[in-house]
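Visitor: First the structure, then my questions, so here it is.
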Amino acid sequence: MIIVREATLADVPGIREVFQSEYGDHYAYPQYYDTDALARLVYADATVLLVAVDGDSDRVAGTASVVFSVGAYNDLVGEFGRLVVHPDFRCRGIGNQLMHGRVQRVESRLHVGIVENRAAHTFSQRISTRYGFAPIGFIPQKLKLARRESVVPFVRYFGEALALRRNHPRIIPEVSMLAAFALDNCGLPQDAIIDDTSAPLPYGDDFELDELRTEGYASLLRIERGRLRHREVFGPIRLHYGLFQLQARHSHYLIARRRKQIAGGIGFMIDEAEKAIRVFELIALSDEPVRFLFESLLRKCQRELDVEYLEVDVSAYSPPMQRTLLELGFLPVSYVPANVFHEVERLDAIKMARLLVPLDLGKVDFHDTVRPIAEAVVDSFTSKEVLPRMAAASHQAPLFDGLSDEQRQRLLAIGTARSFQPGEPLYRKGEADGTMHLILDGEVDLMADGSRKVGCLSTGQCVGETSLLNPPQSAPAHSVDALASTIVETAAFGNQQFHELIRRRPDIGVVIYRNLATDISTKLKNLGQRG
């Protein structure tokens, strides 16, 4: 019989053995191998630490925790930490019992429960789904184990959390698909307002960079913007918790000075084991220092620190901040409704991340509820890596003629990187997949009746353009086969995403439809001459 209960000091060696058996010498958090650190977790008020004990052998068969300090404590947010079952006790339902025990013990103390499940297997994803947690994103390469591993964040709400949610967040288009999946998974209405016009925050270049010293602490406390009001960045601690606690938590501040006066600061925590940085606070007298501070942090990461991953939780009600982070290379990886308690409401938050190492997901295994939202995030990271090539190819493509740089960037943002081997079809005659391809590299043969070659397209040309002419529900069937004659890489544009874009940006639609008409007319003339 398995008994789930709160851990005691006597359980510490058994907890250590569970982690050691699962992770070997590669776990990013060595405190779980440190009996003194585990003993402190047993007694910590901000942690619920459970064990599953085998009644026959009295061995610790598994362990799980909830940490309440992941958000500011008054945010009523808790992180459901690692759930680990000893290999000797698997397939006995222990993971389910531990999850049930956690929910039972903390549901009256929380509004929001968050769990980040490893994406390498579906075991923990299935348990989270079974206990009412909903997938809200996919975070590539967040964990540092034997290699960088990805996680799938889930959320569950308790008490009045959703009743206090501020509705109608304002988000940039690049966040919209992720937000739509997350809101739907959480059973919430699609109430996000897509803001396609807000510009990024302005850049001020007349600041001097400094690091927080004692005399700077008092100056930051006097700045309310970003600390007490107009919060655009959320994190697990606040400046007014005190300088001693900031230092104890390995927290740092970069300061922007103008004419020797402090104009703002950015707070971040360095996790040396994870080789990761989390931005937890942004304080500024005005918008001007914000971009300077983020760019300074990125330079510090690239030149001085051994960092591979950065993340920041940004307000879902601040499109300019979202746009600024996007331009600095951060991508949205999760959308958390009602995540942050502010004044009398709970605010949605967008987690945005930047990888400083190449994208290499390794083995991932998604539960069915996770796959759509995970694939959307992966597509954005894959597309980002080839975005410079997409931009170069678009300048050769007649379809993009007449677009401004800003319009071109918005259109390319909905493209997804695809690759094809020689002989592999981009599409077949009669299919109505609603996809157009911009060829980034390689050659594509157009084949009629299966064997008759009627055209060859190469880098900078588009194939399947007619897919974009009709509404999504009536995309036309392709009239020929399109086969890769070499290794081919493309940017794929889906009919639905394209029509959503031109609905918001008719100025882009006018140019694209004009170019489509011209391009199709030219191809028809060429085919007629060949005939």
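The values are calculated or read from the model by the stated rules, or taken from the named source; none is laboratory data. The shown structure was predicted, so the numbers you read here are calculated from the model rather than taken from an experiment. So basically every Cβ, Gly included, is an ideal-geometry build from the backbone, and we count neighbours across all protein chains shown. Heavy atoms of the whole protein, side chains included, go into the accessibility calculation; ligands, DNA and RNA do not. Shrake-Rupley method; radii C 1.70, N 1.55, O 1.52, S 1.80 Å.
Visitor: Gain in length, D449 to E211, computed as 0.36 nm per residue apart minus the alpha-carbon separation, to one decimal in nm? Before the final figure, lay out each step's value.
Guide: Details: separation 238, 0.36 × 238 = 85.68 nm, distance 6.85 nm.
Answer, rounded to one decimal: 78.8 nm.
Visitor: How large is ³J(HN,Hα), in whole Hz, for each residue of segment 313-320 in order, when computed from phi with the Karplus curve 6.51 cos²θ - 1.76 cosθ + 1.60 and θ = phi - 60°, using x for Gly and Pro?
Guide: 9, 10, 5, 7, 10, 10, x, x
Visitor: Taking the dipole about the Cα centre of segment 403-500, with the C-beta of Lys and Arg at +1 and of Asp and Glu at -1, give me whichever of A484, S451, T416 is farthest to the positive side.
Guide: Going by the charge dipole, the pick is S451.
Visitor: Here is a follow-up. Report the calculated FRET efficiency for A10 and N167 (r = Cβ-Cβ distance, R0 = 45 Å), to the nearest 0.05. Don't skip to the end; give the middle numbers.
Guide: Values: r = 49 Å, r/R0 = 1.09.
Step by step, r from the Cβ atoms, then E = 0.40.
Visitor: With every protein chain present, what accessible area does Y317 have (1.4 Å probe, heavy atoms only), rounded to the nearest 10 Å²?
Guide: Approximately 40 Å² of Y317 is accessible to the 1.4 Å probe.
Visitor: Another question about this same structure. Output the peptides 164-173, 420-429 sorted from most to least packed, where packing is the average of other Cβ atoms within 10 Å over each peptide's residues. Write down the numbers at each step before the final one.
Guide: Numbers: 164-173: 18.4, 420-429: 15.4.
So the order, starting with the most tightly packed, is 164-173, 420-429.
Visitor: Still on this model: About its Cα centre, what dipole magnitude does the chain give when the only charges are +1 on Lys and Arg Cβ and -1 on Asp and Glu Cβ, stated in debye to the nearest 20?
Guide: Working: 61 positive and 69 negative charges, 114 e Å.
I would put it at about 540 debye.
Visitor: If you rank T490, T47 by how much accessible surface each has, with a 1.4 Å probe, what is the order from largest down? Provide the component values of the computation, followed by the final result.
Guide: Values: T490 0, T47 25 Å².
From most accessible down to least: T47, T490.
Visitor: Which sequence of Y32, Y203, Y513, Y335 reflects their accessible areas, 1.4 Å probe, from the largest down? Kindly include the intermediate steps, with their values, before the conclusion.
Guide: Values: Y32 40, Y203 105, Y513 75, Y335 0 Å².
The residues order as Y203, Y513, Y32, Y335, largest area first.
Visitor: Taking the highest mean first, how do the peptides 85-91, 49-55 order by number of other beta carbon atoms within 10 angstrom per residue? Mind showing how you got there, number by number?
Guide: Working: 85-91: 15.3, 49-55: 20.9.
With the highest mean Cβ count within 10 Å placed first, the list reads 49-55, 85-91.
Visitor: Further, regarding this structure: Rounded to a whole number, what is D in µm²/s for the chain from Stokes-Einstein with the Kirkwood radius over alpha-carbon pairs (20 °C, 1.002 mPa s)?
Guide: Details: Rh = 25.4 Å.
It comes out at roughly 84 µm²/s.
Visitor: Out of residues 5 or more away from V233 or on other chains, whose amide H comes under 5 Å of its own, with H placed 1.01 Å from N in the peptide plane?
Guide: L282, S315
Visitor: Another question, then. Using R₀ = 30 Å, calculate the FRET efficiency as 1/(1 + (r/R₀)^6) where r is the Cβ-Cβ separation of D365 and D433; round to 0.05.
Guide: Numbers: r = 26 Å, r/R0 = 0.87.
Efficiency, rounded to the nearest 0.05: 0.70.
Visitor: Under a straight-distance cross-link criterion of Cα-Cα below 19 Å, which lysines are reachable from K351, leaving out those fewer than 8 residues away in the same chain?
Guide: Cross-link targets: K142, K144, K275, K384.
Visitor: Under 8 Å for C-alpha pairs, at least 6 residues apart: give me the relative contact order for segment 130-197, rounded to a whole percent. Intermediate values should be presented prior to the final figure.
Guide: Values: 80 pairs, mean separation 20.8, N = 68.
Rounded, it is 31 percent for segment 130-197.
Visitor: Further question: Once you place label points 7 Å from the Cα toward the Cβ at D45 and Q302, how far apart are they in nm?
Guide: The two pseudo-label positions are separated by 4.4 nm.
Visitor: When the chain is fully extended, how far beyond the present Cα-Cα distance does T522 get from M1, taking 0.36 nm per residue of separation?
Guide: Numbers: separation 521, 0.36 × 521 = 187.56 nm, distance 7.56 nm.
So the extension gain works out to 180.0 nm.
Visitor: Right, another one. Antiparallel DSSP bridges in the chain: what percent, to the nearest 5? Present the calculation step by step, with values, prior to reporting the outcome.
Guide: Values: 90 of 102 bridges.
For the chain, the DSSP antiparallel bridge percentage is about 90.
Visitor: Under a crude label model (7 Å from the Cα following the beta-carbon direction), how far is T466 from A391 in nanometres?
Guide: Roughly 3.4 nm, to one decimal.
Visitor: Would you mind pulling out the separation of the Cα centroids of segment 408-477 and segment 319-374, in Å?
Guide: 30
Visitor: With only Lys, Arg, Asp and Glu charged, each at its Cβ (+1 for the first two, -1 for the last two), find how big the charge dipole of segment 433-531 is about the Cα centre; round to the nearest 20 debye. Could the numbers behind the result be given before it?
Guide: Details: 9 positive and 11 negative charges, 83 e Å.
Magnitude of the dipole: close to 400 debye.
Visitor: If each of D405 and K260 carries a label point 7 Å out from its Cα toward its Cβ, how far apart are those two points in nm?
Guide: Between D405 and K260, the label points sit 3.8 nm apart.
Visitor: Now a separate question. By DSSP, what percent of the beta bridges with both residues in segment 258-326 are antiparallel, rounded to the nearest 5? Present the calculation step by step, with values, prior to reporting the outcome.
Guide: On the way: 9 of 13 bridges.
Taking every DSSP beta bridge with both residues in segment 258-326, the antiparallel ones total about 70 percent.
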